[in-house]
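The values are calculated or read from the model by the stated rules, or taken from the named source; none is laboratory data. Bear in mind the structure is a predicted one, so any value in this text is a computation, not a measurement. Please note: Cβ atoms are built from the backbone with ideal geometry, for glycine as well, and neighbour counts cover all protein chains shown. For accessibility, only protein heavy atoms count, side chains too; no ligands or nucleic acids. Shrake-Rupley method; radii C 1.70, N 1.55, O 1.52, S 1.80 Å.
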Amino acid sequence: MAEPDAIVIGSGPNGLSAAIVLAQAGWKVTVFEAQPTIGGGCRSAELTLPGFVHDVCSAVHATAAASPFLKTLPLAQYGVQWIDPPFAIGHPFDDGTAAVVERSVEKTAAGLGRDRDAYRRVFGGLVDEWPKIGSSVLGPLRWPEHPLALAAFGLRAFRSAEGFAKGTFSDDRTRALFGATAAHGLVPLRHLLTAGFGLVLGTMAHVVGWVIPRGGAQTLTDALVAHLRSLGGEVVANHPVRSLDELPPARAILCDVSPGPFLKIAGDRLPASFRQRLGRYRYGMGVFKVDWALDAPIPWRAAACADASTVHVCGSLADLMRAEDDAWAGAAPERPFVLLVQPSMFDSSRAPNGKHTAWAYCHVPAGSTVDMLPRIEAQIERFAPGFRERVLARSVMPPAVVEAHNANYVGGDIGSGIFDLSQAFTRPTWRTYSTPVRGLYMCSAATPPGVGVHGMCGYFAAQRALADLHA
Ligand SMILES: Cc1cc2nc3c(=O)[nH]c(=O)nc-3n(C[C@H](O)[C@H](O)[C@H](O)COP(=O)(O)OP(=O)(O)OC[C@H]3O[C@@H](n4cnc5c(N)ncnc54)[C@H](O)[C@@H]3O)c2cc1C
């Protein structure tokens with residue numbers, strides 16, 4: 001193997017994006033991936049039965065569709081096709097009805113009764129402002145091109161999701177719909193900044209859709225790898241890097257690795273003060289994930305849920321907040337908030353004829369060993385009686401298995417670290433992508449802008465490396 005200019009450790013979307021940016025600049029790049037398959041949090045596999053294609057981690061790719069960097073790549077040429085289901089979100093309630101979010105703000109608002117105008121004001125306004133604020137939201141802290149628009153957004157985003165929902169909407173159904181969207185951020189809804197998740201993800205539902213790639217998440221990774229290879233880069237799977245000392249010489253090393261595992265492989269190169277700072281980085285709640293092979297669609301009592309890519313299974317805002325507060329406080333929730341995706345409803349390539357797949361997870365205390373399968377299935381039965389009878393096979397991933405699949409998710413924390421006030425903007429330290437060691441960078445979702453398949457952490461880390469080292 002010829003000596004590379006840069007080595008990227010980890011082939012998640014951020015690692016591959018970083019590698020592509022460097023390869024575009026003419027650098028020779030090698031990516032080393034610990035796992036036998038490439039893609040980190042963006043992979044698919046037959047986890048249950050032959051012919052059932054499940055997403056091992058990410059399933060819904062609004063952040064990829066909205067990514068300023070990924071948008072510049074010829075992904076369609078490599079086979080990426082976005083499917084935009086009729087509804088981005090279905091949120092069923094105990095009375096058999098559901099609230100839904102669809103691409104159109106107007107149509108979504110029309111289904112929200114007395115919150116119609118409030119929803120239109122909030123999300124109609126954000127959709128209009130998105131071209132001004134989108135790239136700031138999906139990037140590190142820097143002077144914005146549109147400071148006034150960003151400040152107006154920031155004032156709302158800074159609030160707790162609970163405060164925002166109760167202050168803005170009057171119907172508990174709309175509050176629950178917003179709260180569940182905000183709860184994707186893996187921080188309880190009483191905390192400041194959680195409104196930001198609800199606003200950003202809610203706006204993306206209208207701007208780009210909560211899209212899913214035809215064929216599964218792996219198709220996105222495969223396209224990134226194909227593009228990287230076309231630029232001369234290479235990816236080596238099944239190659240865990242245990243220490244930086246194992247690597248061939250290179251001008252730059254970019255680690256798509258969160259601070260916990262980063263310290264293990266690079267700690268001896270770092271000054272003690274930086275090691276300590278990284279050691280104080282906080283991981284949050286874990287997830288307990290389940291994939292199902294089904295012999296028929298999920299029998300939602302609220303029919304609209306069948307047309308939603310994502311279904312938020314939790315009921316009222318109070319139920320949702322109880323579940324999230326419990327998991328945060330260290331108790332496995334009795335009635336968890338279940339985030340469920342049903343890709344085969346919109347993509348027949350995901351399951352044999354007439355059969356279906358479903359993917360779901362709930363938040364649990366970090367590293368929890370409680371078996372959440374019965375509680376997750378009970379929650380789905382609550383809104384889709386008869387669900388269990390349709391199950392052909394299951395694959396279960398408790399937090400320890402999530403971490404075993406990907407060292408970045410310490411304790412099963414799929415956010416690669418808590419996104420709260422102290423870690424949102426300067427993650428994992430105020431240096432963000434840089435370290436005190438020349439040529440050594442971090443580029444995982446533990447750097448800005450954080451969780452999600454968008455590649456922007458990799459993009460910005462690689463830009464930093466080019467700026468530092470190219471001169
Ligand atoms: C269950 C689950 C559901 C999710 N759902 C969604 C979703 O629907 N939509 C969404 O946008 N996001 C979702 N996410 C989050 C998303 O997957 C991540 O935010 C994203 O993948 C982060 O990308 P990354 O490149 O930073 O790191 P990762 O994708 O985590 O990749 C890091 C890679 O580095 C490798 N690695 C680590 N240490 C080493 C080492 N020492 N040597 C070599 N390789 C190493 C790992 O094996 C891994 O392949 C989900 C995640 C999980 C786990």
- Query: Of the residues that sit in the range 377-400 and are open to solvent by 20 Å² or more (accessible area, probe 1.4 Å), part of a helix (DSSP H, G or I) and touching a residue at least 24 places away in the same chain (Cβ under 8 Å), which one is nearest to the ligand (Cβ to nearest atom)?
  - Reply: Ala400
- Note on the structure: Note: among Gly415, Gly450, just one is in a loop (DSSP other than H, G, I, E, B), without any contact (Cβ under 8 Å) to a residue 40 or more places away in the chain, near the ligand (Cβ under 8 Å from one of its atoms) and out of contact with any Asp or Glu (no Cβ under 9 Å at 6 or more places or on another chain), namely Gly450
- Query: For Lys132, all conditions in the list (1) under 30 Å from Thr97 (Cβ atoms); (2) free of Cβ contacts under 8 Å to residues at least 40 places away in the same chain; (3) in contact with a His (Cβ under 7 Å, 6 or more places away or on another chain) hold save one; what is the number of the exception?
  - Reply: (1)
- Message: Can you tell me how many residues within the range 418-444 are within 13 Å of the ligand (Cβ to nearest atom), open to solvent by less than 20 Å² (accessible area, probe 1.4 Å) and closer than 14 Å to Leu186 by Cα?
- Response: 0
- Item | Evaluation of Pro336 against (1) open to solvent by less than 10 Å² (accessible area, probe 1.4 Å); (2) touching a Phe, Trp or Tyr at 6+ places or on another chain (Cβ under 9 Å); (3) under 15 Å from Ser309 (Cβ atoms) (one fails), failing number | (3)
- Query: Within the range 182-195, can you find the residues that are open to solvent by 10 Å² or more (accessible area, probe 1.4 Å), of a type outside the set (A, V, I, L, M, F, W, C) and within 17 Å of the chain's Cα centre (by Cα)?
  - Reply: His184
- List the helices (runs of 4 or more DSSP H) that sit entirely inside the range 175-267 and contain at least 2 residues that are of a type in the set (D, E, K, R). 217-230
- Scanning for something touching a Ser or Thr at 6+ places or on another chain (Cβ under 6 Å), modelled with pLDDT of 95 or more and aromatic (Phe, Trp, Tyr), does the range 153-163 turn up at least one residue? no
